[in-house]
Amino acid sequence: MKSWHVARRMGMVLVAVAVPASTLVYTAPPAAADTITCVVTAVRRPPEVPSSQQDVTVTASAGLQSITNGAVSNGTMFAPNFAGNPTSVVVTATKWDESQRTIWSFDATDTTGFTQHCV
């Protein structure tokens, strides 16, 4: 007698096969790729600081290799120099003209060569 077996992981169907119940074999999916996240972790506005600032914490499970391709309209961006391969760093943008919108982005690359564009 055959029965249907469905294995689920993180809400996605991984296996759906008809097999005899006594011979069910589960094969694990490949490990998830290393990830890079970019999360806004602070916003400072006048009068706390002279000009508005936003911090983004970049985290890479494999360790960060570089922060590159910074682009800012109406402001400046600061990415710290770092030695070794830290798992997280804070990148900060500072606005020039408080009456205008500021847009900024950069690329974060981990030690495996994976690059995430952070906006």
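The values are calculated or read from the model by the stated rules, or taken from the named source; none is laboratory data. This is a predicted model, so every value here is computed, not measured. Every residue, glycine as well, gets a Cβ built from its backbone with ideal geometry; the counts of neighbours run over all protein chains shown.
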Point to revise | Selection from the stretch 60-119 of residues that are on the phi > 0 side of the Ramachandran plot, among the polar types (S, T, N, Q) and part of a loop (DSSP other than H, G, I, E, B) | key: Asn74
Exercise for review: Of the conditions (1) at pLDDT below 95; (2) in the same structural domain as Ile103 (by TED's automatic domain parsing); (3) hydroxyl-bearing (Ser, Thr, Tyr), Thr23 clears all except one; give me its number.
Suggested key: (2)
Review point. Can you name the condition, by its number, that Ser52 falls short on among (1) surrounded by 17 or more Cβ atoms within 10 Å (Cβ to Cβ); (2) of a type in the set (Ser, Thr, Tyr); (3) within 17 Å of Thr111 (Cα to Cα)?
Key: (3)
Exercise for review: Report whether or not Ser73 is out of contact with any strand residue (DSSP E or B) (no Cβ under 6 Å at 6 or more places or on another chain) and not charged (D, E, K, R).
Suggested key: no
**Study point:** Scan of the stretch 97-119 for residues that are exposed (fewer than 14 other Cβ atoms within 10 Å of the Cβ) and not polar (S, T, N, Q), ordered by number
**Key:** Asp97, Glu98, Arg101, Ile103, Gly113, His117, Val119
Study note, to complete from the structure: Condition set touching a residue at least 24 places away in the same chain (Cβ under 8 Å) and out of contact with any Phe, Trp or Tyr (no Cβ under 7 Å at 6 or more places or on another chain), scope the stretch 80-95, selection surrounded by the most Cβ atoms within 10 Å (Cβ to Cβ): answer is Lys95
